[in-house]
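The values are calculated or read from the model by the stated rules, or taken from the named source; none is laboratory data. Not measured: the values here are computed from a predicted model. Note that each Cβ is placed from the backbone with ideal geometry, even for glycine, and that neighbours are counted across all protein chains shown.
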């Protein structure tokens with residue numbers, strides 16, 4: 001995602017900005033947002049957004065998937081039968 005100076009220009013003298021994307025920001029956008037001599041703009045990419053939602057339980061729920069493991073004894077027995 002690109003960050004243009006227009007976004008920063010729309011902020012007042014004592015305001016700061018936050019731009020959120022579900023993907024990621026271009027290197028140029030990160031560089032533009034990091035300029036300390038301009039109105040502060042924080043960036044939040046998709047990964048950070050998901051982590052924040054998970055941390056606060058907002059719009060997400062935890063589910064436990066079933067985990068299947070190989071029964072080694074059964075597998076060994078099946079192999080012995082084949083031989």
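Please identify the pairs in which a residue from region 47-60 that is in contact (Cβ under 8 Å) with a residue 24 or more places away in the chain has its Cβ atom under 8 Å from the Cβ atom of a residue that is surrounded by 11 or more Cβ atoms within 10 Å (Cβ to Cβ) and outside any loop (DSSP other than H, G, I, E, B), counting only partners at least 6 apart or on another chain.
Qualifying pairs under 8 Å: 49/20.
Quickly run through region 1-10 and pick out the residues that are surrounded by 11 or more Cβ atoms within 10 Å (Cβ to Cβ) and either at pLDDT 65 or above or under 19 Å from the mean Cα position of the chain (by Cα) (or both).
1, 3
Taking region 16-31 as the search range and keeping residues that are loosely packed, with under 11 Cβ neighbours inside 10 Å and over 12 Å from the mean Cα position of the chain (by Cα), which one is modelled with the lowest pLDDT?
Filtering first and then ranking leaves 18.
Of all residues in region 32-83, which are surrounded by fewer than 10 Cβ atoms within 10 Å (Cβ to Cβ) and either under 22 Å from residue 16 (Cα atoms) or in contact with a strand residue (DSSP E or B) (Cβ under 9 Å, 6 or more places away or on another chain) (or both)?
36, 37
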